[in-house]
Amino acid sequence: MKKQLSKILFFLLLISYVSSCDSVKRVAENEHLLINNTVLVNNKKVNTETINNLLYQKPNRKIANIPLRLYIYNLARNNKDSLFEVWLDKSPKRRARLTKRLSQKQLDRLKNSSIGFNNWLRKTGEAPVIIDEEKTQKSVKRLQDYYINNGWFDVKTTFDVKKDEDKRASIKYQVKTGEVFIIDSISEKVKSPVVDSLYQNIKRAALIKANEQYRTTNFEKERSRISSELRNSGVYHFNQDYITFEIDTVGTNKKVNVGIQIQNRAIKTQDSIRREPFKIFKIKDVKIITDYTFENRKKPFQDSIFYNGYKLYSYNKIHYRPEALTDAIFVNPGSVFKDLDRTRTYRHLSELRTFEYPDIKYDTVANSDDELITTIKLTPLKKFSLGFSGDVSQSDIQTFGFSLNPSLQIRNVFRGAEILEVSAIGSIGASKDKNKLESEPFFDINEIGVDLKLTIPRLFSPFNTEKIIPKYMSPSTRMSIATTSQTNIGLDKQTFSGTFNYNWYPNKKVSNKLDLFNAQYVRNLNVNNYFDVYQNSFSSLNQIAKDINYIDSDDDLDISDETDAFLDYALNPVTPSEISDSQLAIINSIDERKDRLTEDNLILSSSFSFINDERTNLFDDDFSIFRFKLELAGNLLANTSKLLGLKKNSDNRYEIFNVAYSQYIKTEFDYIKHWDLGKKNVLAMRSFLGIAIPYGNSTSIPFSKSFFGGGPNDNRAWTAYSLGPGSSKSINEFNEANLKIALNIEQRFNIFEKLNGAIFLDTGNIWNVLDNVEDDNATFSDFDSLKDIAVGSGFGLRYDFSFFVFRFDIGFKTYDPFYQEKNRWFNDYNFANAVYNIGINYPF
């Protein structure tokens, strides 16, 4: 063992030495490779991303302290074209032999492939960073400007280059900041009386404040803030150029006196510029052209409507109800000009998905110095849009299958900018486990379905909701009806669903969704196929039948006659003597789950969802997201059942249309937080808590509303549905329960270019609580049950394709509650028992 360790150590040292020599392979004799930057601020080392990003030159990027991409670059050969010719002539007979065997075209192809690989090495690699004094001087200037812009006006910056004999060098930057300057007095001088009056009202929210450190960015933001406030208060001609700041530091003892000046409006004439006080502008007219095209621009209008002060025009007949358009327009006749109104109008008209991007233009009114005319040009999209997609697939239940998904989108259905979407699915497949009938067709799996969805760009309600949810929140109503039918898939389900919901967005970060009702009906057509689908349950039941000699050891229970007969036999009020208590518990569990998964489901629920997303853009790596959902099901049906005096069935449940409806309350909390650690390092965390409690007409939660653990977006050390409940050793293919706790932490880092890595720790589990499950190992009874939280850890790779991220993760079972009272740590912590996950985009 010692000899092997010595060999490994020697091998690593050899690689390190060779790599060390190789790093300066492409560095000329009079050049030096930059290996390190050090920034000392007041003699203290600073290594923040902000400071490092100020430097023009940085050492070659390293992985595990090895400049891998530099080595790849150094593998490329210079003058590969001429080197290939030298190689051909190196052996006297090589060129003649290859020319005889290959055509000139093939020889050129061989040459180009060699050159292509060489170019790939250069492109994938990273050229050595050679110290450039001019760039170093620029870095010094950047450092100096940075500290000046943050209040250190007396800063002094120098640098020192330490060159080694092995063509390597380091740069040390010295920054002496001196004392920071603090803002002292703030004065303002505003020329226009109107602007002065407005400024006095908004200066309380100023970003420049006395007794705070001077920062140039605050002055830039304050200019933008003042300009925005004034333009949203009617000052049409105002812009940031009218705002200037005077900075006085002479004889102030490290204090900054700030003078804010806002000039009068500049009006250019033919040969001079005159200044006049700003005025508040109002909107005189709002003109809406409903069918504008460039070709129609000079034609006369054929139709017009005057509605609530708005003027609607069309080159043909107007095909929209006036309120449908004016509800999306925030520029109101008679109102004061506001930039915000135009921004909101752009957004809401785009959200209608009925027009191309609108054109909104303001013009001053002739013979008036404080009025504007607004012209909004709308170019309609085509009324009908057709879509068509297809898919070829292979899965665990079919050898081959394909599906077609046609769709139709109809705009402005009821002349109110509504959108009706009709989509369908039709698929067929060949199952892997065909029936033994000779007449069985090759394509014995099929699924058909249709989905109708209507979107109304306002709240569809008999009540006026403008005061509760104003139109700037982009309220909309969605109604949908869908149905699907499956054959030879699972239990051959027929599903019907219908939804009616409201959506609105109080601001850019917050979104709300209210499902007034969500109806789902699931009918199982092939209940006898249950044990064919859930083979684990069948295997357990079949083995018990053999163990008690109910059937011969060489036989199997027939599905489904003998399986059902055996269940009836075992669950007789008087338990057969040959069945033990442990066997009876397993049989009871199988029977309960069979009854639950084969029963038809009727769910009528209402829910509210809230999302607060703090992301500023797609590239933001420092943000948080909070999601909350509350769902109530079955209350309306329960009250209706009582009012109608319906009788309960043998299971003490009310039925509607011969189906026992579900009644429960369900809530979910989901919080995601990302911390940007700099240098493309991100720490991501997700926490989740969900619980669904059955009551009234239900003693359990429908399978579709339950929680599960494991999978590529949850605890990655377990496959989906394989974790839990609790520490129970479930025999089910799909484990689910009605309580879930999860916490995931992931450190993401860049390897090079678009390839990223991650290490992660996933914790959590699912449990049954307040339902009809009696297994103590599967039930959350008190805080002691938290010892059954599973822990998985691992690592992964991600490749960023810009429009999506391809993800590969390996999860290891670190703490496994399935071992119950035994040691639970690191029992299966190896690659043989690891779970390999492939996913698209990040898990959270």
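Looking only at the range 121-157, residues that are touching a helix residue (DSSP H, G or I) at 6+ places or on another chain (Cβ under 7 Å) and farther than 24 Å from R69 by Cα come to 3 in all.
Give me the residue from the range 243-302 that is surrounded by fewer than 12 Cβ atoms within 10 Å (Cβ to Cβ) and hydrophobic (A, V, I, L, M, F, W, C) and, out of that set, farthest from I148 (Cα to Cα). It comes out as F294.
If you go through the range 344-384 and keep only what is of a type in the set (A, V, I, L, M), without any contact (Cβ under 8 Å) to a residue 60 or more places away in the chain and more than 17 Å from A324 (Cβ to Cβ), you end up with I360, A366.
Residues that are part of a loop (DSSP other than H, G, I, E, B), of a type in the set (S, T, Y) and farther than 30 Å from D515 by Cβ within the range 578-622 comprise just one, S580. Kindly indicate whether any position in the range 533-540 is farther than 27 Å from L491 by Cβ, among the hydroxyl-bearing types (S, T, Y) and out of contact with any helix residue (DSSP H, G or I) (no Cβ under 9 Å at 6 or more places or on another chain). No, because not a single residue in the range 533-540 is farther than 27 Å from L491 by Cβ, among the hydroxyl-bearing types (S, T, Y) and out of contact with any helix residue (DSSP H, G or I) (no Cβ under 9 Å at 6 or more places or on another chain).
Condition check ((1) closer than 30 Å to R748 by Cβ; (2) modelled with pLDDT of 95 or more; (3) of a type in the set (A, V, I, L, M)) across all residues:
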site	(1), (2), (3)
T598	no, no, no
D620	yes, no, no
S641	no, no, no
L646	no, no, yes
N649	no, no, no
E655	no, no, no
A660	no, no, yes
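Residues that are in contact (Cβ under 8 Å) with a residue 60 or more places away in the chain and either under 30 Å from K282 (Cβ atoms) or in contact with a Cys (Cβ under 7 Å, 6 or more places away or on another chain) (or both) occur at least once in the range 199-212. Output the residue which, of all residues in the range 669-695 that are touching a Ser or Thr at 6+ places or on another chain (Cβ under 9 Å) and among the charged types (D, E, K, R), is nearest to D621 (Cα to Cα). Across the range 669-695, the extreme among qualifying residues is K673. In this structure, is K162 more than 43 Å from the chain's Cα centre (by Cα), at pLDDT 95 or above and surrounded by fewer than 16 Cβ atoms within 10 Å (Cβ to Cβ)? Judged against the criteria, K162 is not a match.
This table checks each residue for (1) in contact with an Asp or Glu (Cβ under 8 Å, 6 or more places away or on another chain); (2) among the β-branched types (V, I, T).
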{"residue": "D241", "(1), (2)": "no, no"}
{"residue": "T249", "(1), (2)": "no, yes"}
{"residue": "Q261", "(1), (2)": "yes, no"}
{"residue": "D271", "(1), (2)": "no, no"}
{"residue": "I280", "(1), (2)": "yes, yes"}
{"residue": "N296", "(1), (2)": "no, no"}
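In the range 492-506, the residues that are more than 22 Å from N528 (Cβ to Cβ) form Cβ pairs under 7 Å with partners that are surrounded by fewer than 16 Cβ atoms within 10 Å (Cβ to Cβ) and β-branched (V, I, T), at six or more places apart or across chains, as follows: F496/T483; G498/I481. Considering only residues in the range 308-352 that are part of a loop (DSSP other than H, G, I, E, B) and touching a Leu at 6+ places or on another chain (Cβ under 7 Å), the one that is surrounded by the most Cβ atoms within 10 Å (Cβ to Cβ) turns out to be A328. Among the residues of the range 483-512, those that are of a type outside the set (A, V, I, L, M, F, W, C), touching a strand residue (DSSP E or B) at 6+ places or on another chain (Cβ under 6 Å) and not in a strand (DSSP E or B) comprise N488, D492, Y505, K509. Only one of D396, D433 is farther than 26 Å from D327 by Cβ, at pLDDT below 90 and either surrounded by 13 or more Cβ atoms within 10 Å (Cβ to Cβ) or touching an Asp or Glu at 6+ places or on another chain (Cβ under 9 Å) (or both). Can you tell me which? Going through D396, D433 in turn, just one is farther than 26 Å from D327 by Cβ, at pLDDT below 90 and either surrounded by 13 or more Cβ atoms within 10 Å (Cβ to Cβ) or touching an Asp or Glu at 6+ places or on another chain (Cβ under 9 Å) (or both): D433. Each residue in the range 620-665 was checked for being within 22 Å of S706 (Cα to Cα) and polar (S, T, N, Q), and 3 pass. The residues listed here are E179, E165; of these, the one that is without any contact (Cβ under 8 Å) to a residue 12 or more places away in the chain and at negative phi is E165. The single residue among S553, S606, S589, S580 that is modelled with pLDDT under 90, surrounded by fewer than 18 Cβ atoms within 10 Å (Cβ to Cβ), outside the structural domain of N777 (by TED's automatic domain parsing) and of a type in the set (S, T, Y) turns out to be S553. Could you say whether any residue in the range 692-707 is farther than 24 Å from T598 by Cβ, crowded, with 18+ Cβ neighbours inside 10 Å and of a type outside the set (G, A, S)? No, because not a single residue in the range 692-707 is farther than 24 Å from T598 by Cβ, crowded, with 18+ Cβ neighbours inside 10 Å and of a type outside the set (G, A, S).
Rundown of residues vs (1) within 30 Å of F619 (Cβ to Cβ); (2) surrounded by 12 or more Cβ atoms within 10 Å (Cβ to Cβ); (3) modelled with pLDDT of 90 or more, yes/no style:
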| residue | (1), (2), (3) |
| --- | --- |
| D775 | no, yes, no |
| G796 | yes, yes, yes |
| Y799 | yes, yes, yes |
| G811 | yes, yes, yes |
| P817 | no, yes, yes |
| Q820 | no, yes, no |
| N823 | no, no, yes |
| V835 | no, yes, yes |
| F844 | yes, yes, yes |
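With a requirement of 1 or more residues that are more than 19 Å from K44 (Cα to Cα), of a type in the set (A, V, I, L, M, F, W, C) and touching a strand residue (DSSP E or B) at 6+ places or on another chain (Cβ under 9 Å), the strands (runs of 3 or more DSSP E) lying completely within the range 126-227 that satisfy it span 168-176, 182-190. Close Cβ contacts (under 6 Å, 6 or more residues apart or on different chains) running from residues in the range 816-838 that are under 12 Å from S793 (Cβ atoms) and touching a residue at least 24 places away in the same chain (Cβ under 8 Å) to residues that are assigned to a strand (DSSP E or B) and not β-branched (V, I, T) comprise A834/F812; V835/G811. When restricted to residues that are acidic (D, E) and within 26 Å of N201 (Cα to Cα), the range 233-287 contains 4.
The values are calculated or read from the model by the stated rules, or taken from the named source; none is laboratory data. Only a predicted model underlies this, so the values are computations on that prediction, with no experimental measurement involved. Ideal geometry is used to build each Cβ from the backbone, glycine not excepted, and the neighbour counts take in all protein chains shown.
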